[in-house]
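J.: Shown below is the structure under consideration.
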Amino acid sequence: MSNVNFAPLVTVCIPMFNAEKYIRETFSRLSEQTYPNIEIVVVDDHSSDDSLQLVSEYEGPRFKVFLNPGKGACSARNHAFRKASGSYIKFMDVDDFCNNTLIERQMAALVGKTNQTVVFSPLRMLFSDGRSILPERKIDLNFEPAIDLQIAIWNFGGFNCPHCYLMHRDLVEKADGWNEALLKNQDGEFFARLLASADKAISVADDYVIWRQTGVGISSQVGLCALRSKFDSYVEISRVILSKSDTPFTREVCARYIGLFVFTQYPHIKSIMPDIEILLAEIGAPLILPDRRALKLLRLIIGWKLAVELIHKFNL
């Protein structure tokens, strides 16, 4: 695909906060995309470093820069979408990038599909020491209905990050944008709603995105407030899954995912446990903790709560 006149416009929506270290590489990589008709919309979320000054050097007809009228990454993404002119949308964080042929191949996969179809590609995790890891995945398949991709993700088949996906703007509008109240798992909750709104999820597995592991940002936040927000996202995702596919299998999938959250975060989430119990009652399934030998043995003697605390304390 080389003629811009016949290529639908794709807008890459990018929230930005204190990212001066990555700006030049990110936008240099985007300029190397083989797809010929790309617009970039950057929304600065009140950066305190030189990010806004650096990114302003790129401004032009197809590179737009705005200041977030609100606050937070989800607010910035929603504002970027409002300013987007493209028929097709890709959300991407400012420290990440894509293989040069990704957008072209993803757009090719959408030819002949409805505006309700989403495409996705695998990711490579790039660490600050230069290591690159391709996480194990069992989800690089075509899913119809698209919600089956979300179910496969929650069934521990792998995971995606925001710029793995590309979709028509109609789907973003149908999903009703990003939840600005969430602090954690913002993309997980948004794309669960988007997949619930989509008809198909098409895999483009012969290309990939780079998800940079910086150790900062939303995904690295800890503390009770962040854990509460993550749980709130799980409540919404569980409801989305069961609204589209309420079966004994999907109820178990939701319970196991909540169980992993409890196992990894207990006892820090003691104050959230009553709400977790309410959610499990709503799902109609018991708490299902990971199938670990030490946990099985200890919980028979001292109960699961003390067992989990001991496992974490002594790294059992």
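The values are calculated or read from the model by the stated rules, or taken from the named source; none is laboratory data. Keep in mind that this is a model prediction, so the values were computed, not measured. Using ideal geometry, Cβ is built from the backbone for each residue, glycine included, and neighbour counts are taken over all protein chains shown. These accessible areas exclude ligands, DNA and RNA; they are computed on the full protein's heavy atoms, side chains included. Shrake-Rupley method; radii C 1.70, N 1.55, O 1.52, S 1.80 Å.
J.: So which residues in the range 86-104 are hydroxyl-bearing (S, T, Y), outside any strand (DSSP E or B) and either crowded, with 21+ Cβ neighbours inside 10 Å or touching a Ser or Thr at 6+ places or on another chain (Cβ under 7 Å) (or both), if there are any at all?
T.: Result: T101, single match.
J.: Further, regarding this structure: Restricting the first residue to the range 287-313 and requiring it to be closer than 26 Å to W154 by Cα, which pairs with a second residue that is among the aliphatic types (A, V, I, L, M) and not in a helix (DSSP H, G or I) meet a Cβ separation below 8 Å and a spacing of at least six or different chains?
T.: What qualifies is A294/L316; L295/L289; R299/L289; W304/L287; W304/L289; V308/L289.
J.: So, in the range 252-282, exactly how many residues are basic (K, R) and either open to solvent by less than 40 Å² (accessible area, probe 1.4 Å) or within 22 Å of the chain's Cα centre (by Cα) (or both)?
T.: Of the residues in the range 252-282, 1 are basic (K, R) and either open to solvent by less than 40 Å² (accessible area, probe 1.4 Å) or within 22 Å of the chain's Cα centre (by Cα) (or both).
J.: Being under 29 Å from C225 (Cβ atoms) and in contact with a helix residue (DSSP H, G or I) (Cβ under 8 Å, 6 or more places away or on another chain) narrows it down to one residue among I151, I139, I202, I147; which is it?
T.: Being under 29 Å from C225 (Cβ atoms) and in contact with a helix residue (DSSP H, G or I) (Cβ under 8 Å, 6 or more places away or on another chain) holds for just one of I151, I139, I202, I147, which is I151.
J.: Cβ-Cβ below 7 Å, separation at least six or inter-chain, first residue in the range 38-66 and over 25 Å from M167 (Cβ atoms), second surrounded by 15 or more Cβ atoms within 10 Å (Cβ to Cβ) and of a type in the set (A, V, I, L, M, F, W, C): which pairs?
T.: S47/M16; S47/F17; S51/M16; S51/A19; S51/I23; L54/I23; S56/V65; E59/V65
J.: Could you tell me which of the residues F17, F27 is more than 20 Å from the chain's Cα centre (by Cα), closer than 23 Å to G215 by Cβ and crowded, with 16+ Cβ neighbours inside 10 Å?
T.: F27
J.: Can you tell me which residues in the range 223-246 are open to solvent by 30 Å² or more (accessible area, probe 1.4 Å), closer than 15 Å to A196 by Cβ and without any contact (Cβ under 8 Å) to a residue 60 or more places away in the chain?
T.: Within the range 223-246, E236, R239, L242, S243, D246 qualify.
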